[in-house]
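To keep things clear, I will list the structure first and then write my remarks on it.
Readers should treat all values here as calculations from the given coordinates under stated rules, not as data from a laboratory. Please read these numbers as outputs of a predicted model, since none were measured by experiment. Don't worry about glycine lacking a Cβ; one is built from the backbone with ideal geometry, like all the others, and counts go over all protein chains shown.
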Amino acid sequence: MDVTDSTFQTQVLERSSQVPVVVDLWADWCGPCRSLTPIIEKVVAETGGRVDLAKVDVDANPEIAKSFQVQSIPAVYGIRDGQVVGNFVGAQGEEAVRSFVNDLITDTEPSAVEVLLGAGDESSLRQALEIEPDNHTVVCALASLLIERDTDGDSDEAIGLIAGIPESPETRRLAALARVEAVEDIEATLGELLALVSSDEDARSRFVDLLEVMGPDDERATTWRRRLASILY
């Protein structure tokens, strides 16, 4: 999840009392950051919810950078129970990152929510949600399952679940997936909608949803956002 100065307290410090949080401090201009972040994302995903990842753009969030007394990036910190328990600076290889992340969960038994999240089936995810209704990872996992199944009422329930947690790129992507029908050629569909967006609000909303489905890291989405802006503004 992307964390800001205003959400750091809840999404990192408070969250770290439930699971360890890896804080990745980066910036667009930082070349080593671009190589390190995908490695961290992969390794944290391997933990199956036992560790969270919080990504911080230091240019946009100077207060967080100041609190860590950051002098160079990439800088990575491990937070547990609101305290820094490990850190490293500079690009690292996958095995070094994996060792860092694993050290955060060594000597800690998985919680009931973590066990249920690891099971991943609907019944387990609903049980996990009863224990921690605002657990971002559990909510997104259940919403994703409902969206993929897509039977009567599933998409509406997924949207309702997502609305109950703080917004993030992943919640926006899932909400958009729940709202739009699958398309075979997303760029062709965007091209068709682009001709309508200036006068058709539904077309504009669908266009924006498809951009969210593509995700913030898809360079194609950036191009289509520029095309949309050129027509609307």
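For the reader, a short list of remarks on this structure follows.
- Unpaired cysteine residues in the chain (no second Cys Cβ under 4.7 Å): CYS140.
- Computed label-point distance, nm, for sites GLN83 and GLU46 using a 7 Å Cα→Cβ extension: 2.8
- The alpha-carbon atoms of the chain define a convex hull whose volume equals 142 cubic angstrom per residue.
- Of the residues LEU142, LEU194, LEU161, the one that moves most in a GNM of the chain with alpha-carbon contacts below 10 Å is LEU194.
- Most mobile listed residue (GLN11, GLN69, GLN92) in the chain, GNM with C-alpha springs under 10 Å: GLN69
- On a per residue basis, the convex hull of the C-alpha atoms belonging to segment 112-179 measures out at 74 Å³.
- Of the DSSP H helices in the chain, those whose Cα atoms cover at least 18 Å axially and whose Kyte score averages 0.0 or more: 31-46, 136-149
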